[in-house]
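Comments concern the structure below.
Computed from the coordinates by the stated procedures, all read-outs in this text should not be read as laboratory data. Computed from a prediction, not measured in an experiment: that's the story for all the values here. Here the Cβ is made from the backbone with ideal geometry for all residues, glycine too, and neighbour counts use every protein chain on show.
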Amino acid sequence: MIDLHTHSTASDGNLSPTALVEHACKMNLEAIALTDHDTVGGVGEALAAGEKNGFEVIPGIEISAESPNSTLHILGYYIDYRDNIFLQNISELQKARAERNPGIIKKLQGLGIEISYEEVIEESGTGLVGRPHFAQVLLKKGYVKNTQDAFDRYLKKGAPAYEDKFRFPPHEAISHILNAGGIPVLAHPNTLSCQNTAELESIVSDLKKYGLKGIEVYYSEHKSQQTKVYHQIADKLGLLITGGSDFHGNNMK
Ligand SMILES: [Zn+2]
Ligand SMILES: [Zn+2]
């Protein structure tokens, strides 16, 4: 078994890259790809931990791309994580994340919730602040039943404390990955919320024109019927088939 979709504390997971690799060893996996959101900050540490434990770690990333009414994430595998141009490009995304967070705080406070940005930063440990950290703080303070409740009531797209942020258009996310020597793969196609197979196929075939090389057909939240459809689309369009858990440690999302 290999897991091509995992997150560490470099984004919104709650295991450090080293602890994540050690966990994967213990679970008897053969390899993992570290695919933190919009950053390769944990890749160096994960590779070192892999080397120490004789375990294969694939350098990766998960880039959020623009998609007006849904969530479109592009995974990048085997990227040169030290490529300066790549790092410069994705630093725009980190800046956008940092700018978004105070906006979420303001909205939550406007809803009568007592929360400070300091509390959320503390929750994140050393990593980037993401919405799961807001969810954790809301949970600890008793405002929500669980983290999913926090997303549903406050944080998800369309919810009252949702704050949008800059994303690359899909073709740019793909070309940044290609230019850094990586393999771009469409993550969890279920989050594209397509009405039917034809709509999804047309989106995926556009992405392929930009250089997309694969689809994450196997994913923890895909139902068996969805998996079947994604498999067919991948076969029809000649795309690679990948699979991953989207492991975050105990954090959801
Ligand atoms: Zn994702
Ligand atoms: Zn993910």
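Any idea what the dipole of the stretch 92-155 comes to, in debye rounded to 20, about its Cα centre with Lys/Arg Cβ at +1 and Asp/Glu Cβ at -1? Before the final figure, lay out the partial values.
Values: 10 positive and 9 negative charges, 39 e Å.
Approximately 180 debye in magnitude.
Counting only other residues whose beta carbon sits under 15 Å from that of residue 29, what net charge do I get with K and R as +1, D and E as -1?
Values: positive: 26; negative: 3, 22, 30, 56, 246.
The answer is -4.
Can you tell which of 23, 239, 46 lies farthest toward the positive end of the dipole of the chain, using +1 and -1 charges on the Cβ of basic and acidic side chains (Lys, Arg; Asp, Glu)?
239
Find out how many positive minus negative residues lie around residue 216, taking Lys and Arg as positive, Asp and Glu as negative, among other residues whose Cβ is under 13 Å from that of residue 216.
Numbers: positive: 213; negative: 3, 62, 221, 246.
Here the count lands on -3.
Sorted by mean Cβ packing within 10 Å, highest first, what order do the peptides 211-222, 55-66 take?
Numbers: 211-222: 19.6, 55-66: 22.0.
With the highest mean Cβ count within 10 Å placed first, the list reads 55-66, 211-222.
What does the charge count near residue 90 come to, summing +1 for each Lys or Arg and -1 for each Asp or Glu among other residues with Cβ under 14 Å from its Cβ?
-2
May I ask you to evaluate 6.51 cos²θ - 1.76 cosθ + 1.60, the Karplus curve with θ = phi - 60°, for each residue of the stretch 218-234 and list the ³J(HN,Hα) values in order in whole Hz, giving x for glycine and proline?
9, 8, 4, 9, 7, 7, 4, 5, 5, 4, 5, 5, 5, 4, 4, 5, 4
Alpha carbon centre of the stretch 90-136 versus the stretch 227-241: separation in Å?
About 37 Å separates the Cα centre of the stretch 90-136 from the one of the stretch 227-241.
Mean separation of Cα pairs under 8 Å and 6+ residues apart, divided by the residue count of the stretch 92-155: what relative contact order is that in percent? Before the final figure, lay out each step's value.
Numbers: 45 pairs, mean separation 15.4, N = 64.
Rounded, it is 24 percent for the stretch 92-155.
What are the radius of gyration and Dmax of the chain, computed over its Cα atoms and given in Å?
17.8, 51
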